[in-house]
Amino acid sequence: MFRRLRAKLTVLYAGLFCLALMLIGASASFVITRNAKTLTAAELNQVSGSFTRDWSIRLAHLRGVAAHYANNHDLPRAAHDRDDPAIRAGLSGLRESASADLAFVITREGLIISESGARSSVSPGLQMALANGEVTPGIMSFGGTLYQAAAAPISENGGWLIVGERVDNERVAAFSELSEVPMRVAILARGTGGWSGQDFNTSDVLDAFIDRSWRTPQVEPLRTGEGPAQALATPLPSLDGTQAVLFECASLADMLSPYATLLGSLIVIGLAGLVFLVASSWFMARGITEPMSTLEYASRKLREGVYEAVTVKGRDEFARLAESFNAMVTALRERERRITHLAFHDGETRLPNRAALERRISSAEQPERLYLAAIGVDRFDHVRGAIGFALTADLMRKLGARLARLLPHAPLGRLASDVLGVAFIATSEADALKRARALVANLEQPVSLGEHNVDVHVTIGLAPPAQKGETHASVLERASIALDQTRKRRQKAGVYDGAAYGDPSRNLSLMGELRRALETGAIELVHQPKYNFRTGVIDSAESLVRWVHPARGPISPELFVPMAEETGHIRALTEWVLERAVAEQKILSDAGWPLTLAVNISARLLGDGDFIERAAEIAGPVRHKLCFEITETAVIDNPVSALVNLELFAASGLRIAIDDYGSGLSSLSYLKQLPAQELKIDKMFIQNITSSQRDALLVRSTIDLAHGLGMYVTAEGVETPAAFSLLAGMNCDLAQGYLISRPVPVDELITLLSDERRLRFYKQTAAGAPNLAEARNDPKTA
Ligand code: C2E
Ligand code: MG
Ligand code: MG
């Protein structure tokens, strides 16, 4: 209802004050009215008493006069003799001497003889009273006028003498002056139309009131034309049966009029008090609410993150509250500063963290040329294992400091425990790569940790500038992916390759489609032939899987095979390949080419007992014409079971080849233990064999080593005749690569195997002959 405390307090106080005022006013009015009523009742009773006393005195006087004249003087005799003139003379003398207003004689016959003459009838009331002898002095109506009268029997049975005095209305009214309460006093008599008298007209209310009082006279409220009043009707004794009352009436309004000033003053004082109270409560409320408003405003600001101190004067509770509030604001500000620092810094090295780097690059200038480098420390786990966690943190801190010196003001942060990130401006991808390589050179300078110098090797993955609508978080992610990709390529610096990475969400759905692809024939097997330098024929081939996706086209096995390994689909895929290889080996044998087919077996499957059983079952009768290619790392990851299973395969007559030799952690100890008959040197070395002396030397010594261990050697990735003839010269046993053929379906392989010219070309090349194209154009060879 109230939006402001000040208004609420003011209205509350004013309301309470008004209530108190009304209570005081009501009780004052009640007490005054009650007092007025009590006082009025007392006054009415007192006036009535005075009147009654006066009335009695006068009646006693009239009775005395009547008795005196009825027994003395000449009146009894004149009445006895019915000497009317004498009666009249007597009556006249009586009136004069006793100063009475009325005097007459009622004869024994009931005739009235007054000064003015004789009348025949007496009122029935009087007649009855006289007959009964109950001659109570009292009111009497005679000739339409009210009298106060008394009767006395005239001696010697001369009738009755009546003496009366006219009711003096002014005199009656004057009784009101005996009272301090203004009232009207009058004698009212019952007439044919009801009760009436001087200044009082007949009314039903008046009639009912007097009729009630007639039985039990007492002060009672009466509603008159002028308002509420208190009235008393006292019945008067009657001589002739005439009904009359002394009627007193005091208006309450008149009675209360002296108090009106008092009540008026009370109201004025009350109103003045109210105004004063409203004003003072307004100011007092302001005194309370102002500091509260200030605090409320400051709290609101605090909620919005604005730290504002408040100033409240004085030394009261509010001032102390303000002090506490200010202390709280200071503490909060400090805590927020610390939280923000923790949120944007790496606790271990105090370098800015990923969130800080993201924030910095979001506000960096020239975002369209901003490249982000993820700098990974190579073999981090080994380094940490060697120097401990504390020194590794120190190492990362020093690398961070070095980066900050090399690229001042560049956004920098620690992306992972072994990865630092830095953003810099470059004009092109080539420029970015150049800068990244320069960074590698600088960062790889030995780092001094205490007394020791530590050699550091780093790899840098670069994320190109963010595209429109791309988040900074995804740029950081791409830099990390680029780092992985660069490491896989065994380079020192490289840019993110989106095509190679693919879309993770799409890749996941791809796995769901893999099983279906195996059933629908979308997955095929191709074979890449191997040329045997010793026999001069193609006597084996590597079976490789191909997937042509209906929507995405050909998908590289380098993408889906690792994914199948991760998601557990590799077993189904490998079993399918094996079954297919067995079937196609038969086709080849039937066509007169009993080639040995090599199938790649994933590392994960070598430890799977069920798979081993199933593989042996599938290989079954053609196992002597099958070879399993396994990588060295497959054994390193799971040496015990892998070695046992490989022994089993070898014992059953399956050929084992070590694939991609030289690309991993080539270990002589495993080389010695593996029951392999063939060693395939990774294409990485073969491709540079003609250009790199080092690689040529490595290949040559590997061939010698393998021969020493009793193994055949296959060179992978033979693309050029020069490499081919060089390998032949190195005493290599087998060659596999695009020069011989790309992987092809089985029918194409059969056609290829039947191509005599091709075989001749291989032989010539092995012996240092010109390349295939030249050979084809050569009429002698054609
Ligand atoms: P890998 O076993 O080392 O297979 C040789 C890869 O080198 C094949 O790639 C082949 O096409 C490629 N290659 C052959 N000659 C040349 C050449 O002269 N130059 C170049 N640059 N490359 C050449 P592909 O078919 O893309 O397979 C890649 C890898 O995928 C394979 O490497 C193998 O590890 C895996 N893979 C392929 N098929 C299967 C399979 O059926 N099962 C399993 N577990 N892995 C497979
Ligand atoms: Mg292979
Ligand atoms: Mg290979």
Computed E for Glu451/Asp590 - FRET, C-beta separation, R0 60 angstrom, nearest 0.05: 0.25
Separation between Cα centres of segment 353-414 and segment 574-631, rounded to whole Å: 48
Under the Karplus curve 6.51 cos²θ - 1.76 cosθ + 1.60, θ = phi - 60°, whole-Hz ³J(HN,Hα) for segment 282-288, x wherever Gly or Pro sits: 4, 6, 5, 4, 5, x, 7
Projected area, mean over directions - segment 109-186, Cα convex hull, nm²: 6.7
Within segment 1-30: backbone nitrogen closer than 17 Å to the Glu317 label point (7 Å, Cα to C-beta): 5-6, 9
HN-Hα J in Hz across segment 388-400 - Karplus 6.51, -1.76, 1.60, θ = phi - 60°, x for Gly and Pro: x, 5, 5, 6, 5, 4, 4, 4, 5, 4, 5, 5, x
Normalised alpha carbon radius of gyration of segment 375-444 [divisor 2.2 N^0.38 Å]: 1.16
Inter-part distance where segment 676-722 and segment 212-251 are each reduced to a Cα centre, Å: 149
Amide H within-cut-off set for Val713, under 5 Å, with H built and near neighbours excluded: Leu679, Asp733, Leu734
Over the chain, relative contact order from alpha-carbon pairs under 8 Å, at least 6 apart, %: 7
Separation of the His341 and Phe30 label points, Cα + 7 Å toward Cβ, nm: 7.4
Using distinct alpha-carbon pairs, which all enter the 1/r mean, Kirkwood radius of segment 274-336 in Å: 12.8
Calculated FRET efficiency for the pair Ala89/Arg53, C-beta based, R₀ 41 Å, to 0.05: 0.70
Efficiency of FRET from Cβ geometry, Glu647 and Lys488, R₀ 45 Å, rounded to 0.05: 0.90
Environment charge at Thr52 (Cβ cut-off 12 Å; Lys +1, Arg +1, Asp -1, Glu -1): 0
Cα shape, segment 331-432, gyration tensor, a/c 1.5 rule: oblate
Under Karplus coefficients 6.51, -1.76 and 1.60, residue-wise ³J(HN,Hα) of segment 675-681 in Hz, glycine/proline x: x, 9, 9, 9, 10, 9, 6
Value of relative contact order over segment 54-187, rounded to a whole percent, pairs C-alpha under 8 Å and six or more apart: 27
Among 350-356, 238-244, 439-445, the order from most to least packed when residues are scored by Cβ within 10 Å on average: 238-244, 350-356, 439-445
Against the rule of thumb 2.2 N^0.38 Å, how large the Cα Rg of segment 610-649 comes out: 1.21
C-alpha long axis of helix 84-98 to longest principal axis of the chain, angle in °: 50
Among Thr427, Ala151, Ser27 the positive-end extreme of the charge dipole of the chain (Cβ point charges): Thr427
Subset of Lys488/Lys625; Lys398/Lys434; Lys625/Lys672; Lys492/Lys530; Lys8/Lys313; Lys492/Lys672 violating a 26 Å alpha-carbon distance limit: Lys488/Lys625; Lys492/Lys530; Lys492/Lys672
At q = 0.18, 0.31 Å⁻¹, base-10 log of I(q)/I(0) for segment 50-95 (Debye sum, equal scatterers on each alpha carbon): -0.57, -1.03
Accessible surface of Met128 - all protein chains present, 1.4 Å probe, nearest 10 Å²: 120
Dimensions (Å) - segment 623-707, Cα atoms, principal axes, largest first: 41, 27, 18
Charge dipole magnitude, Cβ of K and R +1, D and E -1 - the chain, Cα centre, debye nearest 20: 2560
Inverse of mean 1/r across different Cα pairs in the chain, Kirkwood, Å: 40.7
Rg ratio (alpha-carbon, reference 2.2 N^0.38 Å) - segment 232-348: 2.76
Helix axis angle, 5-71 relative to the chain longest principal axis, alpha carbon, degrees: 10
Over segment 560-609 - Rg/Rh using Cα atoms and the Kirkwood inverse-distance radius: 1.09
Average projected area [Cα convex hull, segment 34-188], square nanometres: 9.9
Segment 53-209, dipole about Cα centre (Lys/Arg Cβ +1, Asp/Glu Cβ -1), debye to the nearest 20: 240
Cubic angstrom per residue, convex hull over Cα atoms of segment 374-527: 171
Pairs of alpha carbons in segment 57-126 whose separation is greater than 16 Å (percent): 46
Computed log₁₀ I(q)/I(0) - Debye formula, equal Cα scatterers, no solvent, segment 687-765, q 0.19, 0.22 Å⁻¹: -0.84, -1.02
Extent along principal axes [Cα atoms of segment 161-294; Å; largest to smallest]: 103, 27, 22
On Cα atoms only, tilt of 557-567 relative to the major axis of the chain in degrees: 50
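The values are calculated or read from the model by the stated rules, or taken from the named source; none is laboratory data. Because the structure is predicted, anything quoted here is derived from the model rather than measured. Every residue, glycine among them, receives a Cβ derived from its backbone with ideal geometry; neighbour counts consider all protein chains shown. For the accessible areas, the whole protein counts, side chains as well, though only heavy atoms, and no ligand, DNA or RNA atoms are used. Shrake-Rupley method; radii C 1.70, N 1.55, O 1.52, S 1.80 Å.
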